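Notes for the one structure printed next.
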Amino acid sequence: PPGTSGPGQVKSPVVTILDTNTENRITTQLQQQCKNYIDDQIEIKNTKSRLGRSSDYPAFSCEEIAICNPHSPDGWYWIQNRRDGSVSRRLCFIGGHPHCGNGTWMRIGHFDLNNGVGCPSSLNTYTYKGKKYCRRSVEVGCSSVYFDSLGKEIIEVCGMIEAYQYHSTDAFGFRQGATPTIDEPYLDGISITQGSPRQHIWSYVVASRAREFGGPCPTCSSAGNGGVSGPMFIGSDYYCATGNSGPGWEPKIYSNQLWDSPELLISCSANADPPWFKKRLTNSSTDNIEIHWCCDQVSVDEAIPTRRVELYIR
């Protein structure tokens with residue numbers, strides 16, 4: 001019969017003819033979907049370009065800014081703390097740091113009395129001959145300052161300290177016959193650690209006088225020249241220096257900046273750039289970093305007056 005497909009015949013496709021209103025509605029929907037997609041892409045692009053540039057668009061790290069906007073300049077960006085969601089401005093070196101090297105670095109610790117940035121609350125402000133310094137707030141032992149990693153996974157730490165010798169600091173000398181732990185004042189100087197239990201990152205050690213006058217800085221291979229070697233856990237990750245180029249010592253702040261004069265410095269590190277240090281961690285970690293100002297005698301006998309600290313992570 002007419003309209004019936006027989007053997008070898010192909011069925012005609014069913015064609016739905018849309019009325020004009022339906023066709024217009026579908027066309028409008030497709031146009032809107034396309035517009036929404038384009039708007040989303042524009043918003044993503046705009047968000048990336050604004051990343052870290054305001055507190056409304058914080059980044060989780062300086063690395064995120066470098067990845068999303070690789071041509072971003074070094075400078076200040078808004079970074080969100082992964083732990084508590086808080087937002088703060090941080091200094092980022094996007095394409096490397098002149099002392100810390102390649103990679104993207106974020107500053108997490110800083111004070112600078114040379115430029116009006118005062119001492120952290122756990123340190124005392126001390127004035128000597130018209131200049132202000134930060135020093136420990138306890139008479140014997142250590143005063144510590146915590147620097148927040150913002151929950152960022154750290155693989156390397158870099159930084160510097162501008163400090164000076166006061167009176168008769170004796171490096172590791174006080175530990176004759178003792179075996180102090182990392183939680184004790186194992187040095188006259190400044191130590192940098194991370195986490196709990198603490199892991200050693202770097203030690204800035206202060207001796208009473210130069211080694212040619214019997215000063216207590218150890219040699220890299222053994223104690224030598226009267227210097228007592230440091231505890232095993234610091235390895236070669238330390239600088240030992242004195243601000244005193246003479247044979248005796250006096251109750252004063254010596255004018256030579258510590259860990260900055262090659263003739264007054266002992267360094268056993270392969271990548272030394274004093275007063276800057278750089279340390280690659282054995283295992284990456286999100287733990288905060290502590291800096292400890294330590295001496296085993298009262299502050300009229302030993303102190304490490306400090307004017308500037310810079311601490312970076314990546």
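Just add up the charged neighbours of MET160: K/R +1, D/E -1, any other residue whose Cβ is under 12 Å from the Cβ of MET160.
-1
Jot down the per residue volume, in cubic angstrom and as a whole number, of the convex hull over the alpha-carbon atoms of the stretch 186-314. Walk me through the numbers on the way to the answer.
Working: hull volume 15.3 nm³, N = 129.
Spelled out: Cα convex hull of the stretch 186-314, divided by residues, is 118 Å³.
If we count every other residue with Cβ under 14 angstrom of ASP301's Cβ, Lys/Arg +1 and Asp/Glu -1, where does the sum land?
-3
Find the relative contact order for the stretch 67-222 and round it to a whole percent, using C-alpha pairs within less than 8 Å whose residues are 6+ positions apart.
Relative contact order, the stretch 67-222: 13 percent.
Over the Cα atoms of the stretch 232-308, compute the convex hull volume and normalise it per residue, giving Å³.
147 Å³
Considering only protein heavy atoms, with the full assembly of protein chains and a 1.4 angstrom probe, order HIS110, HIS71 by accessible area, largest first.
Ranked from most to least accessible, the order is HIS71, HIS110.
Taking the Cα atoms of the stretch 69-113 alone, what are Rg (to one decimal) and Dmax (as a whole number) in Å?
Over the stretch 69-113's Cα set, Rg and Dmax evaluate to 11.7, 34 Å.
Can you pull out the trypsin sites (Lys or Arg not before Pro) in the stretch 74-180 that DSSP calls coil and that have at most 15 other Cβ atoms within 10 Å?
Here the trypsin sites (Lys or Arg not before Pro) that fit, given the DSSP loop and packing criteria, are ARG82, ARG83, LYS129.
Using a cut-off of 9 Å between beta-carbons, work out the net charge of the residues near ILE313 (Lys and Arg +1, Asp and Glu -1, ILE313 not included).
+2
How large, in Å, is the stretch 58-153 by the Kirkwood hydrodynamic radius built from its alpha-carbon pairs?
15.5 Å
Using only the Cα atoms of the stretch 265-305, what are the Rg and Dmax in Å?
14.7, 40
The values are calculated or read from the model by the stated rules, or taken from the named source; none is laboratory data. Since we're looking at a predicted model, the values are computed, not measured. Using ideal geometry, Cβ is built from the backbone for each residue, glycine included, and neighbour counts are taken over all protein chains shown. Quick note on the areas: whole protein, heavy atoms, side chains included, nothing else; ligands and nucleic acids left out. Shrake-Rupley method; radii C 1.70, N 1.55, O 1.52, S 1.80 Å.
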